[in-house]
Amino acid sequence: MTQSIPRRALLLLALAAAGVQAQAPTPSRPARPAAATPGKPWPTQPVKIMVGFPGGSTPDLVARTIAEPLSRALGQPVVVENRPGAGGNIAADIVAKATDEHTIGVMINGNLTIARMLNPATPYDPARDLAPISLIGTAPLLLTAPASLPFTNAQEFFLAARNGGDKWSYGTPGVGTVGHIGMELLKTKTNISPVHVPYPGNPQVINAMIGGQIQLSLLPPGLAAAQIRAGKLKAVGVTSVNRSPLVPEYPSLDEGGIRGFQLEIWTAAAAPASMPKPVVARLSALISEIARSPDVRQKLFQQGWQVAGTSAEGLANRMKSDTNLLGGVIAMRNIKVE
């Protein structure tokens with residue numbers, strides 16, 4: 001015979017069950033984006049590349065060159081968004097604070113190295129808030145002078161510059177740019193003392209040199225070479241130990257007697273430091289492979305870049321070395337950006 005369960009026991013069982021369900025639920029953690037959820041694919045939405053300079057600028061061209069092949073590799077649209085200002089630091093700050101796990105940036109040296117050293121009010125810290133993805137391309141600078149200056153080699157030029165003292169001046173696209181810091185470094189290596197004259201951009205620097213208002217400048221080789229070939233400017237030397245494949249017809253400053261002088265501009269991809277490491281690793285592998293592909297390599301070369309296409313670790317090492325080099329000049333020369 002089946003034994004019936006007393007009504008009181010049934011009531012206690014019901015209360016016990018209700019008690020379990022009535023317990024306060026464990027507070028749930030905020031939902032994380034799909035990219036960070038184990039087992040789910042990434043990307044789950046379009047990827048955005050922030051650029052801190054206007055359309056048609058060098059970093060913009062680099063970003064758009066890698067965007068299309070990156071979109072094909074990821075299976076999602078890759079959109080380039082320009083947010084110019086503060087030497088690229090506005091866009092870099094947007095990347096540093098992005099939480100959607102689908103925003104990265106294409107940046108220049110200063111954004112990833114000395115931004116805070118130049119201006120303590122910079123709202124992000126490159127070392128703390130940005131994750132290296134890949135060093136995309138590098139280029140030396142070309143020390144350039146007006147065609148009217150009477151010199152035939154670097155030694156003659158620096159002799160004239162020393163004699164000119166502070167009556168000579170040099171132009172840059174702004175305080176704290178690599179051209180500015182590099183020239184201050186060159187001054188310490190060569191005992192020249194030209195006065196700094198900042199301009200809105202390199203086109204204005206070139207016009208001032210052609211017009212004889214300034215006597216020298218460190219320029220990207222792609223910009224300088226066209227004016228040199230047209231007979232409007234003269235090349236003193238390239239800021240590398242060896243001749244650059246970008247402009248092999250011009251000697252290096254090392255050849256001209258400035259031993260070991262090496263300075264490069266570069267462009268790189270970086271992510272927010274909060275982006276999951278597997279996502280950063282995937283982006284690093286893809287972007288470095290894309291940069292080194294024959295088609296993209298040729299396009300970047302035409303834009304004035306020698307392709308690097310490094311790993312994230314390679315970019316991290318370059319960030320450290322350039323922070324030390326450029327930061328030392330900033331401290332020695334007391335360079336500040338207001």
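The values are calculated or read from the model by the stated rules, or taken from the named source; none is laboratory data. Being a predicted model, the structure only gives us computed values, none of them experimental. Neighbour counts are summed over all protein chains in view; Cβ atoms, including those assigned to glycine, are modelled from backbone coordinates with ideal geometry. What goes into the accessible areas is simple: the full protein's heavy atoms, side chains included, and nothing from ligands, DNA or RNA. Shrake-Rupley method; radii C 1.70, N 1.55, O 1.52, S 1.80 Å.
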## Note on the structure
For the chain, the per residue accessible area (1.4 Å probe, Å²) is 49 Å²
#### Entry: Close Lys-Lys pairs in the chain, where close means Cα under 25 Å and separation is 8 or more or interchain
23
### Task
Quick one: pull the percent of accessible area on segment 59-136 belonging to carbon and sulfur, 1.4 Å probe, ligands and nucleic acids left out.
56 percent
### Message
For Leu233, what residues show an amide H to amide H distance below 5 Å, using hydrogens built from the backbone and excluding near sequence neighbours?
### Response
Ala147, Ile228
### Query
Met332 versus Ser71, label points 7 Å from Cα toward the beta carbon: distance in nm?
4.6 nm
#### Entry: 13 Å beta-carbon shell around Ser244, net charge (K/R +1, D/E -1)
-3
### Message
As a test, work out the antiparallel percent of DSSP beta bridges whose residues both lie in the chain, rounded to the nearest 5.
### Response
60 percent
### Message
Heavy atoms only, 1.4 Å probe, whole protein assembly: order Glu68, Glu255, Glu184, Glu81 by accessible area, highest first.
### Response
Glu68, Glu255, Glu81, Glu184
### Message
Bins of 5 Å, beginning at zero and ending with the bin holding the largest distance: percent of Cα pairs per bin for segment 113-169, please.
### Response
4, 12, 15, 12, 9, 10, 11, 13, 11, 2
### Query
Helix by helix, which DSSP H runs in the chain go 30 Å or more along their axis at the Cα atoms and have an average Kyte-Doolittle hydropathy of -0.5 or more?
312-333
### Query
Of all the accessible heavy-atom surface of segment 179-265, with the other protein chains kept in place and a 1.4 Å probe, what percent is carbon and sulfur?
50 percent
### Message
Taking 37 °C and 0.692 mPa s as the conditions, I'd like the Stokes-Einstein D for segment 213-338 in µm²/s, using the Kirkwood hydrodynamic radius from alpha carbon pairs.
### Response
191 µm²/s
### Segments 282-292, 232-242 sorted - mean Cβ within 10 Å per residue, highest first
232-242, 282-292
#### Entry: the chain: mean projected area of Cα convex hull, nm²
24.2 nm²
### Summary
The rounded separation in angstrom of the Cα centers of segment 303-322 and segment 135-166 is 26 Å
### Message
Rounded to the nearest 20 debye, what is the charge dipole size of the chain about its Cα centre when +1 sits on each Lys and Arg Cβ and -1 on each Asp and Glu Cβ?
### Response
740 debye
